[in-house]
1. Among the helices of the chain (complete DSSP H runs), which have Cα atoms covering no less than 24 Å along the helix axis and a Kyte-Doolittle mean of at least -0.5?
2. If a paramagnetic tag sat 7 Å from the Cα of Lys41 along the Cα-Cβ line, which residues of the range 12-27 would have the backbone N under 17 Å from that point?
3. Using only alpha carbon pairs under 8 Å that are at least six residues apart, calculate the relative contact order of the range 121-205 and give it in whole percent.
4. Using Cα pairs closer than 8 Å and at least 6 residues apart in sequence, work out the relative contact order for the range 9-103, in percent.
5. Calculated from DSSP H runs of 4 or more alone, at -39500 (n - 2.57) each and per residue, what is the 222 nm mean residue ellipticity of the chain, nearest 500?
6. What accessible area per residue comes out for the chain, rounded to a whole number of Å², with a 1.4 Å probe?
7. Please give the net charge around Pro105, taking every other residue with its beta carbon less than 15 angstrom from that of Pro105, where Lys and Arg add +1 and Asp and Glu add -1.
8. Kindly state, to the nearest 0.05, the FRET efficiency for Ala194 paired with Val102, given R0 = 25 Å and r defined as their beta-carbon distance.
Amino acid sequence: MTDTVGYQRKRARTQHTLRRAGMEVLAERGPDGTTIGAIAKRAHVAPGTFYNHYPTLADLISAVAEELATGVEIGRDLLADVEHDPAARVLIGTRQLLELTVDDPVSARAFVALLATIPELRTRVRSIVRGAIVDGISANRFSEIDPDVTADALLGAVVQWMRTRLAGDSSTEQQPEQLRLALHIVGVPADEIAPLIDGLPAPPA
């Protein structure tokens, strides 16, 4: 029993190492430039070890996309437990994605790259954004707007802001204006935007 548990833990650690290496290579080379050899080298394992855990490169990329999607979904659920104002949730969620570019640029680059190439990841993230917008409309916090069109507009804007920040073409000093525009996109009344941003709690240290 102990040997089995130890094996499972070792296997889980190796898979985590491979996924993280995959994120790093994806962040540097993009999906088209990512290879099994590059991931194995980054993870300090033999290519055969890679195949022991992921039969194909597509399987590894799918696992990375799943990890990223799950992280966004967990963040949504945790936020919903502590913040009941849909407008504040949109604001904090937008800030979290923007600050990911500073806190974990590898994950941020992989997220941006895979969002454009993995339909399932895009669908899951878009569903989260759309759900937040529907919640805001139901609570009379947002204007009566088409949630699908608005989800595309908000997600497109946030991902582009992430992309330009990762490229060094924008800075964190622009974040207040980006947050203001995010609230404007979802239909928060203009006179409520500044108080929401001013009341935004500081991010965890």
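The values are calculated or read from the model by the stated rules, or taken from the named source; none is laboratory data. Keep in mind that what you see is a predicted model, and the values were worked out from it rather than measured. Heads up, the Cβs are rebuilt from the backbone with ideal geometry, glycines too, and the neighbour counts pull from every protein chain shown. When the accessible area is computed, the model is the full protein with side chains, heavy atoms only, and any ligands, DNA or RNA have been set aside. Shrake-Rupley method; radii C 1.70, N 1.55, O 1.52, S 1.80 Å.
1. Numbers: long enough: 2-33 (41 Å, -1.22); 57-82 (38 Å, 0.84); 86-103 (25 Å, 0.49); 119-138 (28 Å, 0.10); 147-166 (28 Å, 0.37).
Passing helices, by number: 57-82, 86-103, 119-138, 147-166.
2. Under cut-off, by backbone N: 18, 21-27.
3. On the way: 54 pairs, mean separation 25.1, N = 85.
Result for the range 121-205 is 30 percent.
4. Here the relative contact order equals 22 percent.
5. Values: 10 runs with 163 residues, N = 205.
After summing the helix terms and dividing by the residues of the chain, the value is -26500 deg cm²/dmol.
6. Values: 10990 Å² over 205 residues.
So the chain comes to 54 Å² accessible per residue, rounded to a whole number.
7. Details: positive: Arg20, Arg29, Arg109, Arg163, Arg165; negative: Glu24, Glu28, Glu99, Asp103, Asp104, Asp169.
Result for the local shell: -1.
8. On the way: r = 24 Å, r/R0 = 0.96.
FRET efficiency, Ala194 to Val102: 0.55.
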